[in-house]
Every structure is written in structure tokens, then in C-alpha cells.
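Undergrad: Below is the structure I would like to discuss, written out as C-alpha cells.
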Amino acid sequence: MTLVIEDCKLWGRKGGSLVVEEGRIAAFVEGGTPKVRSDATRISGNGGTVFMGFIDTHCHPFEYGWLRRNLDLKGTSNLTGIRLRLSARARSTLPGAWIAGMGWDQERLSEARMPTRSDIDDVTPNNPVVLTRVCGHIGLLNSRALQEMANAAVGLEGYDLDSRGTPTGIVRESALPPVLAVLPKSEAAMTSDLLTAEVEASKSGLTTLHCIISEAAYQEELSALVGLHSSGSLSLKYKVYIPAAAIGYVEDRRIRDRLNDDKVRLSGVKIYADGSLGARTAALREPYADDPGNSGLLRYSQDALNQAVEAAHDAGFQAVVHAIGDRAVEQALEAISRVSGPGNERRHRIEHASLLPPDLLSRMRKHAVRATVQPLFITSDTWASERLGPERARHLYPLRSMLKAGIIASGSSDSPIESMSPILGMWASMVRSGVAPEEALSMSEAVALYTSNARSNGGDPEEEGLGARADLCLLDSDVEGMHPALLRKVRVSATVVGGEPVYSAS
Ligand SMILES: [Zn+2]
């Protein structure tokens, strides 16, 4: 098949037409229209920029699809708003069935406090409810849900208690996955969740997703992925990251052999070292500036984390360690550097690496540890400097320093936490909304986050130009030299994977 994108601009070059043959870039004709077969598929670029396809190196597409069919609480600004959405949901839910949702953020609520079960009990008397915070690290349960968990003989570790020792409804970190595991799961629903996410991702110009498989439903999610892949139903490419608990499972079921090609590859193991700044569960070296008795939560001892990273490494996987606070980053660096060897050939990486003071940054560089970063956290987490105080906040998401030090950092959305759009991610990395503005990226650095660095962090060949695989994204404007503030308005016109259009705006 031949595909021609006419009247477009390749990044860093003059305008012209791009010719794709058999899934690879065959020619770029500057200033003219190339001669191609009459049955070639033609896309008009209207002068827009073409990039090598964007890659989201950390996202949760199954959760994205899940949230579309459950209760989305993002954007709620007070408890009344949450209660209204919840009671509407309860009216359309059978008595006894679970109601699940995600997206509240106590920092955005006018009440400025953590919600409790008594805020939601009266609107959901007949249904157990679990609502996860926007970060996914904390959940709010109503009394019915607490009762169900007590019936399942779950202990109270990780459950907040009031002064009388009664659960408030808030559950934290490792106490949350057992609650989510109780929700009804079906492979069919998860199959459509992934396809829902694919539609959104291809609209956003993404051609590859680094897909984090959940701790709560890894068997069903992996079955859905294997099913879609073996029937040839996936449009995008995937690198798949499983929870540590699933290593034995994927070996026993031979899932690793079935997800092991250029389209879908089981690449790595995701390990959580800590929580989130928003929930004050990210593990810090010094206490939170706005909560002096609290330094966050480490999920593992150093020994246990070392073992988890080593197990992933020994099984031939890329270890990707979620670490947001500086104490967790330090722990992750220790665990990774014990196995990575010179050059870190297995590309072990830290997810988020949010609070990265200079000593940890240079340790990261020394051991060639990679990172995935989420630029939209910078513009969303407006409260972060209160959490950390002005001194530490200077070392929050130091993207420029990381790239200058030669750390291979790649961009990601952590969707459904943030929008999947890499254009918005690039925008956030360039504007930073006043958070350590000296760490702002240039346009070409921002592009690298989602293209060359992302390919490298997924172990894909470093190819661009003639002969490269035609994973492409066409934008509706020429973005070279564009003011960063205008980038937010740019839309994706078309997305191409392996030479096949998978999205077209027209
Ligand atoms: Zn994540």
C-alpha cells in the first residue's frame, strides 16, 4: 500500500510531500508533488507538521476505558457536586451492586478536607461505593462498602480511623487494590475498555502506548490484550508492563510468548515504591511542609524492593519503579543500580521521579537510570509547592536539568489521571505555569520526550527519516517556532501506524 501526505512539513525541514510504501517512509519530496501509483491513499496536510508518531510511555488505557463507563469525578469542586453525581448514579444502579468512580481531589474541594463515608452514606444507602482519588492511590468507601470488606475479613491496615477507632472510609495505598479486586470484572468489558482508550489515543496522535496492567485485574486485562492482539483487532502498538505479582502467571500461561512482537510486547514489570504527593503518601526524606508529622509511605523496605527489582531483572524484564518522593527515588536508584550494570542495558527506569534534588539527579545519571515524566502534573499540581516548601519545590520535575545531564526521560500522561494528549504534555513542559520556570523545555526537547526518548525507553530502534517505520502524526498547523502558549490549540489531523491511517479528523 502507498500513502502520500501532501503539503506537509517534516519537523526541521521545508514543506513538501511524504511518501510511505509498505509501512515505511519511502521519500520526502520538498516543494513538490511526487509521482505515485494512482490508487495511493492521499491525505492533505494543509501545511501542518508531521512528527514521527508520539509515544505515551506511561498510561493506564484499561482504567481510561473503565472510567468512561463508571463515575468520573474529575473537575468536582465541592462535596455537593460529588453527592449529586453519586445520587444520580445510585438511581440507575441495582440495589446491592457496587458503584465505582475516580477523580476527586480534596485540594480542589471548597471544603478543603478529605471526604469521609458520612459525606456520601445518605445518598447511597443501598449500594457499596468506592471512589478513588484522582491519583489512584487513595479510595473513599461508604459504610456499605466498609461492611462488605469487613465481611471479606480484610484487616484495617491502610484504613484511616477516627478518634473512636472507627474507619472514616478513606483507604490508602496497598489497602486499595484488594477493594478494587472485589468489583465485578469481565474480560468482555475490559476488551471494550481498551478499544475505547485506543480511539482516544489515536485521536491524540499516539501510535504506541506503554500500558500499565493493574494489580487488581491483571488476569482479565492480559486476556483481553491477548484476545485483541491474536485477532488482529488492535490499531496501535503496545509495550506492556505487568505488576510484580503477575511474573509467574505470564510464564505459566505462556502469555509472554504471545505478546512478543513489534506490535505488542510484554516489556517490563511495574513496582510501586511509594504513593502520590496529592495524597501525601509520596515518601519524602523530610516531612511534608504542610503536614509536619508526615513523611509519606514507602511500600517496601530497601531489601524487599531490591528483591522485587532483582526478580524482574532476572526474569529478563525491564523494571519500572514508581517513585515520586525523594526518599522513594533514592530507594529505587539503590535497587536498580545493584542490578543494572554499566550503561543500564535493560533500560530500567523510574516512573515519575518527581522530586529529584541534585544528588539524586547525578546518581541517576551515573547509573544511566531512565525516567518517564508527566509534564501535565506540573501544571495540574498547583498545590505542590505548599506540600514541599519553596526550597524543595525547586527540584520538582526538573526536566531541563535531567535532559542536560543526559538522562533519557520520556513523556507520558498517566492517563486517566491526565489527558492523553502529547501536545498538551509538550505545552506543559514548555510553560510550567511558574513552577521552577528555569526547568522549561524548548520545543525540540519537548518533542524528544514523546518521540526519540520515548522510543529509546521502550527499546525501539532509533530510526527516523527514509526507511523508518511509518508511525506518524500529522498536526493541523506548522508548529515550528510557534509560541508555546499557542500549542494548546493545535489539533491532530491524522495518525498513521505502520503506514496505515488509524485516525483522520476529516
Ligand atoms: Zn500510573
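The values are calculated or read from the model by the stated rules, or taken from the named source; none is laboratory data. Predicted, not measured: the structure shown is a model, and the values here were computed from it. Cβ coordinates were reconstructed from backbone atoms using ideal geometry, including for glycine residues, and neighbour counts include every protein chain displayed. Areas reflect the complete protein model, heavy atoms only, side chains present, ligands, DNA and RNA absent. Shrake-Rupley method; radii C 1.70, N 1.55, O 1.52, S 1.80 Å.
Undergrad: Suppose we filter 335, 328, 368 for residues that are among the small types (Gly, Ala, Ser), within 16 Å of the ligand (Cβ to nearest atom) and modelled with pLDDT of 95 or more; which single one remains?
TA: Going through 335, 328, 368 in turn, the sole match is 328.
Undergrad: Condition (residue is among the polar types (S, T, N, Q), more than 20 Å from the chain's Cα centre (by Cα) and open to solvent by 30 Å² or more (accessible area, probe 1.4 Å)) applied to segment 59-79: is it met by at least one residue?
TA: Checked against the condition, which is being among the polar types (S, T, N, Q), more than 20 Å from the chain's Cα centre (by Cα) and open to solvent by 30 Å² or more (accessible area, probe 1.4 Å), segment 59-79 yields at least one hit.
Undergrad: In addition: Quick check on this structure: which one of 271, 324 is closer than 17 Å to residue 340 by Cα, touching a strand residue (DSSP E or B) at 6+ places or on another chain (Cβ under 6 Å) and buried (at least 17 other Cβ atoms within 10 Å of the Cβ)?
TA: 271
Undergrad: All but one of (1) within 16 Å of the ligand (Cβ to nearest atom); (2) under 26 Å from residue 409 (Cα atoms); (3) surrounded by 20 or more Cβ atoms within 10 Å (Cβ to Cβ) hold for residue 264, so report the exception by its number.
TA: That leaves (1) as the condition not met.
Undergrad: Of all residues in segment 16-42, count the ones that are of a type outside the set (A, V, I, L, M, F, W, C) and open to solvent by less than 30 Å² (accessible area, probe 1.4 Å).
TA: 5
Undergrad: Give 242, 271 a once-over and let me know the one that is in contact with a Phe, Trp or Tyr (Cβ under 7 Å, 6 or more places away or on another chain) and β-branched (Val, Ile, Thr).
TA: Going through 242, 271 in turn, the sole match is 242.
Undergrad: Take segment 333-352 and flag every residue that is open to solvent by 50 Å² or more (accessible area, probe 1.4 Å) and not basic (Lys, Arg).
TA: Of everything in segment 333-352, those that are open to solvent by 50 Å² or more (accessible area, probe 1.4 Å) and not basic (Lys, Arg) turn out to be 334, 342, 343, 345.
Undergrad: Now for a separate question. Being closer than 29 Å to residue 53 by Cβ, charged (D, E, K, R), in contact with a helix residue (DSSP H, G or I) (Cβ under 9 Å, 6 or more places away or on another chain) and touching a residue at least 12 places away in the same chain (Cβ under 8 Å), is that true of even one residue in segment 272-288?
TA: Taking every residue of segment 272-288 in turn, none turns out to be closer than 29 Å to residue 53 by Cβ, charged (D, E, K, R), in contact with a helix residue (DSSP H, G or I) (Cβ under 9 Å, 6 or more places away or on another chain) and touching a residue at least 12 places away in the same chain (Cβ under 8 Å).
Undergrad: Follow-up question, since we're still on this one. Residue 286 fails exactly one of the following numbered conditions: (1) modelled with pLDDT of 95 or more; (2) open to solvent by less than 40 Å² (accessible area, probe 1.4 Å); (3) outside any helix (DSSP H, G or I). What is the number of that condition?
TA: The one condition residue 286 does not meet is (2).
Undergrad: Would you kindly identify the strands (runs of 3 or more DSSP E) lying entirely within segment 158-258 that contain at least 1 residues that are among the aliphatic types (A, V, I, L, M) and open to solvent by less than 10 Å² (accessible area, probe 1.4 Å)?
TA: 167-172, 206-212, 237-243
Undergrad: Now for a separate question. Which fully enclosed strands (runs of 3 or more DSSP E) of segment 423-506 have 1 or more residues being under 28 Å from residue 352 (Cα atoms) and either of a type in the set (S, T, N, Q) or touching an Asp or Glu at 6+ places or on another chain (Cβ under 8 Å) (or both)?
TA: Hits in segment 423-506: 492-497.
Undergrad: How many residues does segment 107-153 contain that are open to solvent by less than 10 Å² (accessible area, probe 1.4 Å) and more than 16 Å from the ligand (Cβ to nearest atom)?
TA: Result for segment 107-153: 14.
Undergrad: Is there a residue in segment 398-410 that is within 18 Å of residue 286 (Cα to Cα) and open to solvent by 30 Å² or more (accessible area, probe 1.4 Å)?
TA: Within segment 398-410, not a single residue is within 18 Å of residue 286 (Cα to Cα) and open to solvent by 30 Å² or more (accessible area, probe 1.4 Å).
Undergrad: Next question, about the same structure. Out of segment 162-187, which residues are at pLDDT 95 or above and among the hydrophobic types (A, V, I, L, M, F, W, C)?
TA: Once the filter is applied, which keeps residues that are at pLDDT 95 or above and among the hydrophobic types (A, V, I, L, M, F, W, C), segment 162-187 yields 170, 171.
Undergrad: Looking at (1) in a helix (DSSP H, G or I); (2) away from the ligand (no atom under 16 Å from the Cβ), which is the only condition residue 42 fails?
TA: Unmet for residue 42, out of (1) in a helix (DSSP H, G or I); (2) away from the ligand (no atom under 16 Å from the Cβ): (1).
Undergrad: Check 55, 25, 99 and return the single one that is of a type in the set (A, V, I, L, M) and within 16 Å of the ligand (Cβ to nearest atom).
TA: Within the list 55, 25, 99, the selection yields 55.
Undergrad: If I filter segment 401-420 for residues that are in contact with a helix residue (DSSP H, G or I) (Cβ under 7 Å, 6 or more places away or on another chain), away from the ligand (no atom under 16 Å from the Cβ) and of a type in the set (Val, Ile, Thr), do I get at least one hit?
TA: Yes; the residues of segment 401-420 include at least one that is in contact with a helix residue (DSSP H, G or I) (Cβ under 7 Å, 6 or more places away or on another chain), away from the ligand (no atom under 16 Å from the Cβ) and of a type in the set (Val, Ile, Thr).
Okay, residues lined up against (1) out of contact with any strand residue (DSSP E or B) (no Cβ under 6 Å at 6 or more places or on another chain); (2) crowded, with 21+ Cβ neighbours inside 10 Å:
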| site | (1), (2) |
| --- | --- |
| 416 | yes, yes |
| 422 | no, yes |
| 431 | yes, no |
| 439 | yes, no |
| 443 | yes, no |
| 449 | no, yes |
| 454 | no, yes |
| 462 | yes, no |
